[in-house]
Amino acid sequence: MNISRLVYVSTAHPDLMLTDIDAIVDTARARNEAEDITGLLIFNGFNFMQLLEGPPDSVERVFGSICKDTRHSGVVRVLSGSAGERVFGGWAMAYARTASGDGAGAFALTTDSLKAHLPENLSPELHMLFVSFNTMSSFQMAPPAGEDIQPAQ
Ligand SMILES: Cc1cc2nc3c(=O)[nH]c(=O)nc-3n(C[C@H](O)[C@H](O)[C@H](O)COP(=O)(O)O)c2cc1C
């Protein structure tokens with residue numbers, strides 16, 4: 001199957017609460033399953049970075065909805081194109097954020113936990129992109145210490 005991959009960054013609406021983002025992820029996962037989309041969403045306290053992969057029409061359709069969503073702004077497509085294979089297969093939308101907890105199966109965004117969760121077959125370029133996005137957040141908001149890390153589904 002022809003799979004395309006898209007990565008974008010955006011800025012969260014200042015009034016957005018972590019519980020709002022958990023709700024976004026819950027509904028996103030349902031639609032992503034229906035659209036055969038998998039990927040990863042990272043929230044560093046201020047910005048989102050999301051990777052979507054799936055059939056090209058589905059990726060563009062869902063990204064079209066995401067671009068119109070007023071819960072964030074300044075959506076910039078960082079990369080998009082055809083991908084050989086899925087790297088996030090099985091994850092309707094993995095979700096990582098700065099504050100850990102039960103919300104939507106998120107895992108805490110420490111550099112170590114992010115590295116531990118990124119798939120092994122992720123390209124070195126994408127690996128570096130996600131880890132550097134994560135590192136940027138460390139001077140904005142300290143991650144909670146000593147929390148259990150739950151793998152995202
Ligand atoms: C940061 C962010 C990430 C999102 N990720 C997804 C996603 O992966 N899949 C999805 O279907 N919707 C996602 N959404 C929600 C969509 O923007 C949109 O509300 C939803 O798909 C319903 O689309 P519709 O209003 O055109 O029916 C996301 C929204 C935000 C703000």
Checklist outcome for this item: Of (1) touching a helix residue (DSSP H, G or I) at 6+ places or on another chain (Cβ under 9 Å); (2) more than 9 Å from the ligand (Cβ to nearest atom); (3) in a strand (DSSP E or B), VAL76 fails just (1)
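Looking only at residues in the stretch 1-25 that are of a type outside the set (A, V, I, L, M) and within 12 Å of LEU41 (Cα to Cα), which one is farthest from the ligand (Cβ to nearest atom)?
Restricting to residues being of a type outside the set (A, V, I, L, M) and within 12 Å of LEU41 (Cα to Cα), the top hit is ASP22.
Tell me the residue from SER58, SER100 that is surrounded by 15 or more Cβ atoms within 10 Å (Cβ to Cβ), of a type in the set (S, T, N, Q), touching a helix residue (DSSP H, G or I) at 6+ places or on another chain (Cβ under 9 Å) and modelled with pLDDT of 90 or more, please.
Working: SER100 fails: modelled with pLDDT of 90 or more.
The unique qualifying residue is SER58.
Right, ALA23: at pLDDT below 95 and either assigned to a strand (DSSP E or B) or closer than 23 Å to ASN134 by Cα (or both) or not? Quick ask: steps written out before the conclusion?
Details: at pLDDT below 95: yes; either assigned to a strand (DSSP E or B) or closer than 23 Å to ASN134 by Cα (or both): yes.
Taking the combined requirement at face value, the residue satisfies it.
Against the definition (within 13 Å of the ligand (Cβ to nearest atom) and more than 14 Å from the chain's Cα centre (by Cα)), how does ALA94 come out, yes or no?
Details: within 13 Å of the ligand (Cβ to nearest atom): yes; more than 14 Å from the chain's Cα centre (by Cα): no.
Here the answer is no, as ALA94 does not meet what is asked.
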Item to check | Among the candidates ILE24, ILE37, ILE42, residue that is touching a residue at least 60 places away in the same chain (Cβ under 8 Å) and crowded, with 20+ Cβ neighbours inside 10 Å | outcome: ILE42
Item to check | Subset of the stretch 29-73 [assigned to a strand (DSSP E or B), in contact with a Ser or Thr (Cβ under 6 Å, 6 or more places away or on another chain) and either within 24 Å of HIS127 (Cα to Cα) or near the ligand (Cβ under 9 Å from one of its atoms) (or both)] | outcome: ASN47, PHE48, GLU53, HIS72
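Conditions tested, residue by residue: (1) of a type in the set (Lys, Arg); (2) more than 24 Å from THR111 (Cα to Cα); (3) touching a Lys or Arg at 6+ places or on another chain (Cβ under 7 Å).
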{"site": "GLN50", "(1), (2), (3)": "no, no, no"}
{"site": "GLU53", "(1), (2), (3)": "no, no, yes"}
{"site": "SER58", "(1), (2), (3)": "no, yes, no"}
{"site": "VAL76", "(1), (2), (3)": "no, no, no"}
{"site": "ALA92", "(1), (2), (3)": "no, no, yes"}
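Is it the case that GLY90 is modelled with pLDDT under 80, exposed (fewer than 12 other Cβ atoms within 10 Å of the Cβ) and at positive phi? Don't jump to the end; show me each part of the working.
Numbers: modelled with pLDDT under 80: yes; exposed (fewer than 12 other Cβ atoms within 10 Å of the Cβ): yes; at positive phi: yes.
For GLY90, the condition - modelled with pLDDT under 80, exposed (fewer than 12 other Cβ atoms within 10 Å of the Cβ) and at positive phi - is met.
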Checklist entry - Using beta carbons and a limit of 8 Å, which pairs, at least six apart or on different chains, have the first residue in the stretch 65-81 and without any contact (Cβ under 8 Å) to a residue 40 or more places away in the chain and the second one β-branched (Val, Ile, Thr) and outside any helix (DSSP H, G or I)? => result CYS67/VAL75
Next on the checklist: Looking only at residues that are in contact with a strand residue (DSSP E or B) (Cβ under 7 Å, 6 or more places away or on another chain) and more than 15 Å from LEU79 (Cα to Cα) in the stretch 8-21, which one is surrounded by the most Cβ atoms within 10 Å (Cβ to Cβ)?
Outcome noted: ILE21
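The values are calculated or read from the model by the stated rules, or taken from the named source; none is laboratory data. Predicted, not measured: the structure shown is a model, and the values here were computed from it. Counting neighbours? That spans all protein chains shown, and the Cβs are built from the backbone with ideal geometry, glycine included.
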